[in-house]
Structure formats: C-alpha cells, structure tokens
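Read the structure below first, then the notes.
Every number in this text was worked out from the coordinates using simple rules, so none of it is lab data. Given the structure is predicted, the values throughout are model-derived calculations rather than measurements. All Cβ positions, even for glycine, are placed from backbone atoms using ideal geometry, and neighbour counts span all protein chains on display.
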Amino acid sequence: MTIHRVIRKVQRFQGWFGGGAALCLMVGLYLGLIGSPPDYYQGEVVRIMYIHVPLAHTSLLGYTVLAVGSLWYLWKRDPIVDNMCQAVATLSAVFTALALGTGMIWGKPTWDTWWTWDARLTSFTVLLLILIGYLMLRTFVDDPEKEARYGAILAIVGFVDLPIIHFSVEWWRTLHQPQSISMRGVSISSGLLVPLLFMSVGMSLLFSYMLMVRTQLLYLDRLLHAKKGRLLSQFHLSKSDS
Amino acid sequence: MRNLYIRWGGVCIIAIAFIMLTYNHYRDNLASLAPRQVKQEAPAGDIRVLGMVQGGTLETRGAGKATFALLGESASLQVQYEGPPPDNLRELKILILIGRWNAATQVFEARDIGIVPNYGFIAGAYLLGLLPLALLLFAMSRRVYFLYDEIKASKLYEEE
Amino acid sequence: MGKKKVGMVVSLLLVGGALGYLALGNFGENVVYFFTPSEVKAFSTDYYQKKVRVGGMVVEGSLETYPDRLGLIFQLTDGEATIPVTFEGIPPDLFKEGQGAVVEGYWSGEHRFESNLIMAKHSEDYMPIELKRAGVELPRKDFMKSLVE
C-alpha cells in the first residue's frame, strides 16, 4: 500500500472536510453565542470555553498526528509523509498559540489573572516551545533528508509532553480546573455540552482541511523547486557542453 | 483562482451576517449606566447599572430582600432589592443591577442582580481564535493556486 | 554555514531545555503550585515572610469586609485545617464563599495569611443556573479530597 494512493483518496474528500468544518462551526457558534444559557457560576464568560477547549484539544490531536507521522517517516522514508509532518507542525503551533491566547482571555475574568505558572499552563507552553524548536530545526538543516530525519526524532521525543499536559490537572495541584469529560463522567450539562461538541468536531475538521491544504502547498513547493533545479542544472550542462 | 475568491466572499458575508445577528442579540445587554449618570439623568423604565457594593452598607432582611449602596466612580446609589435570593450579592463586589430608578424616593429598585458579563472578553477570545485561522487558511489556499499556476506556466509541469 | 549551525543548536536547546525543565526542573512534584492550609499551619519558620500560594475552599459565612477601606478577611480551609486570610484590594468577580480560591502572599508569625492576590478557582462542572437551583449535581473531582490526598 502506498501512502500516495491513500492521500489521493483522502484529497478527493477535501471539500467535504472544508464544508463540514464550516457547517459545524456555524452551528457551534450560533449555539455557543446565542442559543445556550450562561453558566450558573461564571455567567456569560463560560462561552469562551467553546472556542478555547476545541483549539486546545485540536492542537494536542495535531501533535499526535505529528508523532505518528514522524514514526511512519522513519519507517518508510516517504517524502510526502515528511511534508505532512512539517505541515501539521506549523498548524499545531498556530493552534497551540491560539489555545494559550484564548485561555489567557478566559483566565482574566474568571481567575482574575492573565497568566500563572501552574502545571497545565506550563506544560502547554512547553508544547509550543517544542513545536517552535521543531520548525526552527527544520529551517536550519540544509540536507532535506537529514532535515526530515532529525525533525522526526525530535517530534517523537517531544511526545512525552502530551500525557503530562493531559494528566497535569489530575496529578498536581493546579489553578486550571480538571478535565470536564473524564472517567468520572461528563460534568457539563447538555445545554452547554452540545455547542462544545459542535465546535470541537468543527475545529477538528477545520484542522484536517487546513492540513490537507498545507501538505499540498509544501508538496507543490518542493516539486516546483526540484523541477526548477533540474531544469537549471540541465541548462548549465548544455551550456558547458557547447 | 476566481472560485477561491467567490468562496471566501461567501465566508465573509456569512461571517458579517453572523456578527450582526450576535450583536443584535446582545445589544440590549451591552449598555450600562454608572450610578452618577442615573442620579443626574434619572432615566425612566428598565435600566442596567454597573457599580460596586459599598463596604458596610449591605443589609439583608429575610429571603430575597436586601438594601445596599452601589458605588460608582464619583457617586453612590441607594439600592433596594426584592426577588429570588441573589447568589452574587456581597460587599465589595462589582455587579450589574437591572431595575428602575425611583426619582421620588431616590432609591434604585433592583429586580435582578448579576455579575459583570464581560462581553469584551468573549468577543476578544472568539476573534483571536477564529480570525488568524481564517487568514492563514485563505493565504494557504491562495498560495496553492499560485503554485499550480506557476508549475503550469513555467512548463515544468508534465502529465504523469 | 556557521549561522545555520548556531540556529540548529539554538533550536535543539529550546526543545531540550523545555523537556529538561519538565523532567527535572522546577516542575511537577518538586514544586507544588500551592500549599494547603494544613501544610501552611505546619510551616517551619523558614517559610515565614516568604511569598507562597495557598489553595483551599473559602469557608461559608466567614467573609468579612471593612466598612472604611477595600479589603477582606476570610477563612480558607482544606477540610482539615483552616487559616485566616486577609486581603487588600478588589477580589475577583468569581470569588465566593464555598468556592475554591488560590491566594498569594505571606504567612506571618502571628498565624495569619496576608495576601495581596486572590485567584478564583472554578471547578470543571458547567450548567445553567436553573439546573443548579433545582439541585442538580454533576460528577466532578472533589476539590477538598484532592487537596488532602
């Protein structure tokens, strides 16, 4: 089985991902901002949850894809998988930064502080640093094969941060509240849960769609450079021949 | 390329329509008066007043009855509350009161008491969350079109 | 070429430093984000006049305000021990009796916690006010229990 065939198949459904994302986000935004009641304790500010939580969980999902893709790359050495890894890292970094940003905006009216170094916030910042480091490493290595290999190893090592982020609110004392959806059950009543689910599904679909576009972009970019390079070298060869 | 612009034009129109819908939904809740304004202008009908419960003035008499002074920047307002037991009523707390100003007795008759809704934070969070994603996606899609065009135009493209 | 090498080293340091911080640095079990009132009561004199954070539940009915200035006095508990806390300033909107709070400040020798920052801690349950008034309880982590454990 070649990954190319899989990608081509998935690519055919790209429009469905984009459309599905738009639909889910529209319904989610309507329910979240207009159609849902305020929380008994936080009041209206709870609506920030519907944007913050989907962004945060999608960035974790994105990093998982990056780690799996990196393993796959080390195994098969397929350049398109590497393109996907690079694309997913950029997008995860953006989603992580936005999750931190919206979290800060939620923290001010609820906790009364923009930022505090508790275990959840710290481990999530570490995730952003790992992703920035990964992307920086990739720009500084010249050989594309080495670039992909070093990056993959780094991404797999960085995966240790994910369980730490997830369990930080259970293992340690934090200001951040524990998981609302966990082994204890769901501690969000249905009126507030439905918009959250719509936004979560929508955000995951949006992430997948953006990932497809970005992978395509990197692939085309690399293709263009490779072909241009080949043409140039042929040009040089023919020049030196004459 | 035209398809891309048409699609994003649609997205923009829907986004603007949605923002207007949301704004209309909250418009009545957005404006609140300061205690000084209430005293000077004495507006009739239901109004929303923003201020802090002055320390040492809160007196509760039985369930769902309370009197206190609401402190603004330069004036305070005598408030009388009757209704379901308020969860948030406490001294030194910034609150939004909904009710009417009784100009004759100079007392604000509050019907509902709530914490400050902080709509600015909500709008900020949604803009920060969604706007960069939309811009990034638009830029990426546009670049993909450009790359296709470039590959075709530079005759590097070959059918595989 | 030299620039690239520097860049590589910097990016590796960034990731390595971040992970190292997680593994050994001031994180996790080495540093507790906040102490509990029981731990505060057992503080040795080393901790006096040292800035610490304390987390707990604001005891129902313990909240007092000053008539003449901005400030609060309240009791903070973890279910086992209770400490009195004083605070100057305006507390967070969500600060309430019977709710969690993390306070930052100093434990003085007179066994009173002088705080200059209150952070309201909210739990992970969310529901409309009507359900809460109807007495609905959603499954959630017991804040008190998780403090004592």
Just flag the chymotrypsin sites (Phe, Trp or Tyr not before Pro) in the stretch B:86-159 sitting in loop per DSSP whose Cβ has no more than 10 other Cβ atoms within 10 Å.
none
Given N residues in the stretch C:44-116, what is Rg(Cα) / (2.2 N^0.38 Å)?
1.06
Using 0.36 nm per residue of separation minus the Cα-Cα distance, give me the extension gain between residue B:138 and residue B:37 in nm, one decimal.
31.7 nm
Students often get this wrong: which residues of the stretch B:109-152 have the backbone nitrogen under 18 Å from the point 7 angstrom along Cα-to-C-beta of residue B:2?
B:142, B:145-146, B:149
Once normalised by the length of chain B, the mean sequence separation of its alpha carbon contacts under 8 Å that are 6 or more apart gives a contact order in percent of 18
How fast does the protein assembly as shown diffuse by Stokes-Einstein, in µm²/s, taking the Kirkwood radius from C-alpha pairs at 37 °C and 0.692 mPa s?
123
Per DSSP, loop chymotrypsin sites (Phe, Trp or Tyr not before Pro) in the stretch A:94-123 with at most 14 further Cβ within 10 Å
A:114, A:115, A:117
Plugging the Cβ-Cβ distance of residue B:14 and residue A:10 into 1/(1 + (r/R0)^6) at R0 = 35 Å yields, to the nearest 0.05, a FRET efficiency of 0.85
Using just the Cα positions, wrap chain B in a convex hull and report its mean projected area in square nanometres, one decimal place.
15.0
Would you mind checking which residues have amide H under 5 Å from residue B:108's amide H? H placed 1.01 Å from N; only 5 or more apart, or other chain.
B:78, B:79, B:80, B:102
State the dimensionless ratio Rg/Rh of the stretch B:1-65 (Rg: radius of gyration of Cα atoms; Rh: Kirkwood radius).
1.34
Compute log10 of I(q)/I(0) for the stretch A:2-122 with the Debye formula, placing one identical point scatterer on every Cα and leaving out solvent, at q = 0.20 Å⁻¹, to two decimals.
-1.16
Check each of the trypsin sites (Lys or Arg not before Pro) in the stretch C:97-149 and keep only those in coil by DSSP with at most 15 other C-beta atoms within 10 angstrom; list them in order.
C:112
Using the Karplus equation 6.51 cos²θ - 1.76 cosθ + 1.60 (θ = phi - 60°), what ³J(HN,Hα) coupling, rounded to whole Hz, does each residue of the stretch A:116-129 give in order, writing x for Gly and Pro?
8, 8, 8, 4, 5, 5, 5, 5, 6, 5, 4, 4, 4, 5
Compare the Cα positions of C:35, C:62, A:63 along the charge dipole of the protein assembly as shown (+1 at Cβ of Lys, Arg; -1 at Cβ of Asp, Glu; about the Cα centre) and return the one farthest towards the positive end.
A:63
Report the residue, chosen from B:17, B:104, B:31, that carries the largest GNM mean-square fluctuation when chain B is represented by alpha-carbon nodes joined by springs under 10 Å.
B:104
Set the Förster radius R0 to 35 Å, insert the Cβ-Cβ distance between residue A:156 and residue C:144 as r into 1/(1 + (r/R0)^6), and round the FRET efficiency to 0.05.
0.30
HN-Hα couplings for the stretch B:122-136 via Karplus (6.51, -1.76, 1.60; θ = phi - 60°), in whole Hz with x for Gly/Pro, come out as 5, 4, x, 5, 5, 5, 5, x, 9, 4, x, 5, 5, 5, 4
Please give the calculated 222 nm ellipticity per residue for chain B, where each DSSP H segment of at least 4 residues contributes -39500 (n - 2.57) and the sum is spread over every residue; nearest 500 deg cm²/dmol?
-15500 deg cm²/dmol
By Cβ neighbour count within 10 Å, fewest first, A:57, A:52 rank A:57, A:52
In debye to the nearest 20, how big a dipole does the protein assembly as shown give about its Cα centre with +1 on each Lys and Arg Cβ and -1 on each Asp and Glu Cβ?
2260
Taking a ≥ b ≥ c as the square roots of the eigenvalues of the Cα gyration tensor of the stretch A:14-70, is the shape rounded (a/c under 1.5), prolate (a/b larger than b/c) or oblate?
oblate
Rg (Å, one decimal) plus Dmax (Å, integer) for the alpha carbons of chain A?
21.2, 83
Would you grab the residues whose amide H sits under 5 Å from the one on residue A:182? Only those 5+ places off in sequence or on another chain, please, with H modelled 1.01 Å from N.
A:187
Charges at C-beta only: +1 for Lys and Arg, -1 for Asp and Glu. How large is the resulting dipole of chain B about its Cα centre, in Debye rounded to 20?
200
With label points built 7 Å along Cα→Cβ from the Cα atoms of residue C:137 and residue B:111, find their separation and express it in nm.
3.6
Taking the number of other C-beta atoms within 10 Å as the exposure measure, put A:193, B:33 in order starting with the fewest.
A:193, B:33
Karplus-derived HN-Hα couplings along the stretch B:33-38 (A = 6.51, B = -1.76, C = 1.60, θ = phi - 60°), whole Hz, x at Gly and Pro
9, 8, x, 4, 4, 4
List C:65, A:64 from most exposed to least, where exposure is judged by having the fewest other Cβ atoms within 10 Å.
A:64, C:65
Averaging the inverse of every distinct alpha carbon separation and then flipping it gives the Kirkwood radius. What is it for the stretch A:66-170, in angstrom units?
14.7
Calculate the mean, over all residues of peptide A:98-105, of how many other protein chain Cβ atoms lie within 10 angstrom of the residue's Cβ.
5
Residue A:41's amide H: which non-local residues (gap 5+, or another chain) put their own amide H closer than 5 Å, with H modeled 1.01 Å from N in plane and none for Pro or chain starts?
C:127
What residue among B:78, A:51, A:116 has its Cα farthest toward the positive end of the dipole of the protein assembly as shown, where the charges are +1 on Lys, Arg and -1 on Asp, Glu, each on the Cβ?
A:51
Using the charge dipole of the protein assembly as shown (Lys, Arg: +1 at Cβ; Asp, Glu: -1 at Cβ; taken about the Cα centre), state which of B:113, A:160, A:80 has its Cα farthest towards the positive end.
A:80
What percent do you get for the relative contact order of chain C when only Cα pairs under 8 Å and 6+ apart count?
20
Work out how far the C-alpha atoms of chain C reach from end to end along every principal axis, then list the three figures in whole Å, largest first.
68, 44, 34
I want to verify the translational diffusion coefficient of the stretch B:31-115 in µm²/s; compute it with Stokes-Einstein, Rh as the Kirkwood radius over Cα pairs, at 10 °C and 1.306 mPa s.
128
